[in-house]
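Please read the structure below before turning to the comments.
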Amino acid sequence: IGGAVPSSMSPAFTEIFQEGLRIPPMKIVERGVFNPNFVKIFTANCRTPEVNMGDLRAMVGSMEIGAQRVADVIDQHGVDAFLTCQGDLQDYTAAKAREVLRRLPDGAYDFWDYMDDDMISRVPVRVRVKMTVKDGHVHLDLTDSDPHTKTAYNVPTNGQRNYWISFRLTSFLTTYDQTMYKNAGLYRTITVDNPKGTVFHAEFPDAVCIRASAPWRLSDAVAGTILKAAPDLMCAVTGGTMMPFALAEYTADGGRIVNVIQPLRVGMGAFRGRDGVDGRDNSMNNMRNHPLEMVEHDSGVVIRDYDLRADSGGPGQWRGGVGQQLTLEILRDGGIVVPRGMERMRFPAWGVMGGGPALPFQMFLNRERPDGRLVRKIDQFAVNRGDVVTVLMPGASGYGDPFERDPD
């Protein structure tokens, strides 16, 4: 929705005004009709207005269906029963969640990890968490994480405990009790200190559009605290990033399209007794891969290679899952590649209990040519007909001494 680059998102942004149109709260639909003033403002600020309006209409339609189904339940059972069940289901989940968290021994556990840098300098960004556990109550203290960055890695939490903060605990809970419902009761015994001034508490006018990178590191750091507390209960860390590989280009008729070619994934960390899963991970989103036939139909590219990146997972008694790899050839001049999620280039996923680290993230432009180069962390770069882009996603880390691995 506007913004200085196609897709509106760049790690190089230094203030929120560069990230595109900012719309105060206003009605999108009023009495069943799209607000025409909103539509005019919205479409005037989009590079692909028809596509963006299609997305918006789909979201509004899904909300209308959801509202109708809630109304159907209320018509059948009454509003009092409906509200009572909401509270009961949260109480049920809260009790079950606390029982899972009681598996963690009481105590205080400290861990930290690093983002590669902040795009302005080569100085890493430290993400640090102290986890305190007492009888199924878990408190996360982010006070010693680095200050907010001058670029777009800041996380807009308003100081609250939210999904970005608690993700690793969410997956921990739902792994060890798959009968609990996914509702607010999951977090009743989870609290957080998230003070102003850190990368996890953005303040206006901080840029925030690459707000997933720091939570990835926090997820790994929380995994580190659990591994200290109870190493048999937590897997090694994933590859630690995800790349929506976007390409903006002009069509043959002069139109503009912006497509995510593939949402590229890493591997899942190894677990005691089990290798990591290849090419997917229990991460902070659920985007699915795109069929290559549709990618080549919709964009000016040919996919030369789309595969698992062999041996990218860390060695171990149980090895880490491997990441994906993608090689594509550009068919049109004047394209712009917008790579997001370029992390784990300097600090690969670390091994557990003697396991080895994974291979780092890498991206190449024209890798097989004399003028080919490694692409460093960047906001965007131009491509033309005949250019070949290769993306090598990182693997996940290994668990246990690799010399203890079954040779077969």
Could you tell me which residue of the stretch 78-113 is least open to solvent (accessible area, probe 1.4 Å), considering only residues that are touching a strand residue (DSSP E or B) at 6+ places or on another chain (Cβ under 8 Å) and assigned to a loop (DSSP other than H, G, I, E, B)?
104
Please list, ordered by first then second residue, the pairs with beta carbon atoms under 7 Å, 6 or more apart or interchain, first in the stretch 65-93 and under 29 Å from residue 189 (Cα atoms) and of a type in the set (A, V, I, L, M, F, W, C), second assigned to a helix (DSSP H, G or I) and open to solvent by 60 Å² or more (accessible area, probe 1.4 Å).
82/73
Test for residue 170: is it open to solvent by less than 30 Å² (accessible area, probe 1.4 Å) and free of Cβ contacts under 8 Å to residues at least 24 places away in the same chain:
yes
With 252, 248 as the choices, which residue is closer than 29 Å to residue 48 by Cβ, touching a Pro at 6+ places or on another chain (Cβ under 6 Å) and either aliphatic (A, V, I, L, M) or outside any loop (DSSP other than H, G, I, E, B) (or both)?
248
Given 133, 138, which one is touching a helix residue (DSSP H, G or I) at 6+ places or on another chain (Cβ under 6 Å), among the hydrophobic types (A, V, I, L, M, F, W, C), open to solvent by less than 70 Å² (accessible area, probe 1.4 Å) and modelled with pLDDT of 95 or more?
138
Being under 30 Å from residue 13 (Cβ atoms), out of contact with any Lys or Arg (no Cβ under 7 Å at 6 or more places or on another chain) and open to solvent by 60 Å² or more (accessible area, probe 1.4 Å) is the filter here; which residues of the stretch 381-408 pass it?
382, 384
Meets criteria (touching a helix residue (DSSP H, G or I) at 6+ places or on another chain (Cβ under 6 Å), farther than 23 Å from residue 123 by Cβ, in a loop (DSSP other than H, G, I, E, B) and not polar (S, T, N, Q)) for residue 320:
no
Of the residues that make up the stretch 337-351, is at least one assigned to a loop (DSSP other than H, G, I, E, B) and farther than 21 Å from residue 216 by Cβ?
no
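The values are calculated or read from the model by the stated rules, or taken from the named source; none is laboratory data. If you're wondering where the values come from, they're calculated on a predicted model, not measured in any experiment. Note that we place each Cβ from the backbone using ideal geometry, even for glycine, and neighbour counts take in every protein chain shown. Side chains are part of the model used for accessible areas, which takes the heavy atoms of the whole protein and leaves out ligands, DNA and RNA. Shrake-Rupley method; radii C 1.70, N 1.55, O 1.52, S 1.80 Å.
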